[in-house]
């Protein structure tokens, strides 16, 4: 009898008592919606992979520095390079005819999923639909409102690409997510009746994506051409948080209208803006490995960030309290370009050794330790390898971040991450006083290292640099246990 009562109590706890999220009912206003906590899985995951893939992957072309996924917009708005490329390679035909060449014939979702998991990423965000309106799932609204076949099942690969990737991702530890563009540049309904477009096109598509695929991330974009009231964003988010099948797990962002970004929404979204961060608010910087999100065949190897600069960008963002969403752009056949595969594997090699300094951490009281010199350098978008430039140059002429800090509050562990191995094997941690019995572990070797207090600073003695034992030497991590609170 006692066992039966205990079982009843356990069932009540598991199935009836409200969770952190389901206990709340959110109103369709920003004050209420902004009070919803960001799910812990996302806060702790820190690193995600963005995927820009669609009809624009057929031409896969733009000038260096431009977004290849904006190919159609360039064709319609006088971009001479894109117009010339279209005339030379596709006889100047309409952009919409390119869907027939979007075959995805080499798309292997299980290989994609394994590679993404190997990179150390904890979530993935696939473009279900970009600004051209082409859908990677069987959306009847796309075909109906465009007046011709305009989704990946009715034309092109004749596959539900969202469904196939989500099935593969769910075999891994990675959370599946979707990007969705609210507006479409040249959708006939959008151009004639915006309110009807929202009610008959956008809302049905968004609800179908959420109900059918149950994404843990719903990354909206393209809202800048109208205020959030046009999109009925607050009403949709109230439904998403209160009634949808992902109400307890989904993460949303701040791109819900021309008046919303960086003001409302769960997660703020700088892109290629390494000088931005946001105190006391969740944020995530996104960028491609090169200049573009969608694959751009016009880019060369030297246009891609190095593995070290990408690792350091991840470290820099996490040290300042953010998440990093790194983009890959597959080609029209469904292959992730080899240079992108290599970068993901290289990041994964580093994460295998050092991921505890990334996952489950928060910003410490000091995010970085600067070298002597100026600290007013502001990296710009055009500084593609900006982390390499401001951190690794032997004599940059301005102050650099020579040590980054992250902190795990659950274990009271401070992590110090340094990109340059000191030639004298001495690393000085400034303005830190450690208790005498503190243990410092060097994650590259998994061995403790000696240290001594020198006034206000700590001097750590490192072992000889050895590539045979120190794998993925893009940055090095010291784990200081029971310290940092």
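Name the single residue that is surrounded by the most Cβ atoms within 10 Å (Cβ to Cβ) among those in segment 33-53 being part of a loop (DSSP other than H, G, I, E, B) and on the phi < 0 side of the Ramachandran plot.
53
Taking residue 134 as the residue in question, decide whether it is out of contact with any helix residue (DSSP H, G or I) (no Cβ under 9 Å at 6 or more places or on another chain), at pLDDT 95 or above and surrounded by 19 or more Cβ atoms within 10 Å (Cβ to Cβ).
no
All but one of (1) part of a helix (DSSP H, G or I); (2) under 20 Å from residue 73 (Cβ atoms) hold for residue 114, so report the exception by its number.
With respect to (1) part of a helix (DSSP H, G or I); (2) under 20 Å from residue 73 (Cβ atoms), residue 114 is out only on (2).
Being more than 15 Å from the chain's Cα centre (by Cα) and either touching a residue at least 24 places away in the same chain (Cβ under 8 Å) or closer than 16 Å to residue 284 by Cα (or both) is the filter here; which residues of segment 313-339 pass it? Reasoning before the result, please.
Step one: filter segment 313-339 for residues more than 15 Å from the chain's Cα centre (by Cα), giving 319-320, 330-339.
319, 320, 330, 331, 332, 333, 334, 335, 336, 337, 339 - these are the residues of segment 313-339 that are more than 15 Å from the chain's Cα centre (by Cα) and either touching a residue at least 24 places away in the same chain (Cβ under 8 Å) or closer than 16 Å to residue 284 by Cα (or both).
Of the numbered conditions (1) touching a helix residue (DSSP H, G or I) at 6+ places or on another chain (Cβ under 9 Å); (2) within 19 Å of residue 139 (Cα to Cα); (3) surrounded by 18 or more Cβ atoms within 10 Å (Cβ to Cβ), residue 240 fails exactly one; give the number of that condition.
(2) is the only condition that residue 240 fails.
Mind checking whether some residue in segment 83-92 is at pLDDT below 95, assigned by TED's automatic domain parsing to the domain that holds residue 241 and more than 19 Å from residue 213 (Cβ to Cβ)?
Taking segment 83-92 first, the residues at pLDDT below 95 are 92.
Add one more test, that the residue is assigned by TED's automatic domain parsing to the domain that holds residue 241, and what stays is 92.
Still in the running and more than 19 Å from residue 213 (Cβ to Cβ): 92.
Within segment 83-92, one or more residues are at pLDDT below 95, assigned by TED's automatic domain parsing to the domain that holds residue 241 and more than 19 Å from residue 213 (Cβ to Cβ).
Go through (1) over 22 Å from the mean Cα position of the chain (by Cα); (2) under 30 Å from residue 191 (Cβ atoms); (3) in a loop (DSSP other than H, G, I, E, B) and name the single condition residue 105 misses.
With respect to (1) over 22 Å from the mean Cα position of the chain (by Cα); (2) under 30 Å from residue 191 (Cβ atoms); (3) in a loop (DSSP other than H, G, I, E, B), residue 105 is out only on (2).
The values are calculated or read from the model by the stated rules, or taken from the named source; none is laboratory data. Keep in mind it's a predicted model, so treat the numbers as computed, not measured. FYI the Cβ positions are ideal-geometry reconstructions off the backbone, even for glycines, and counts take in every protein chain you see.
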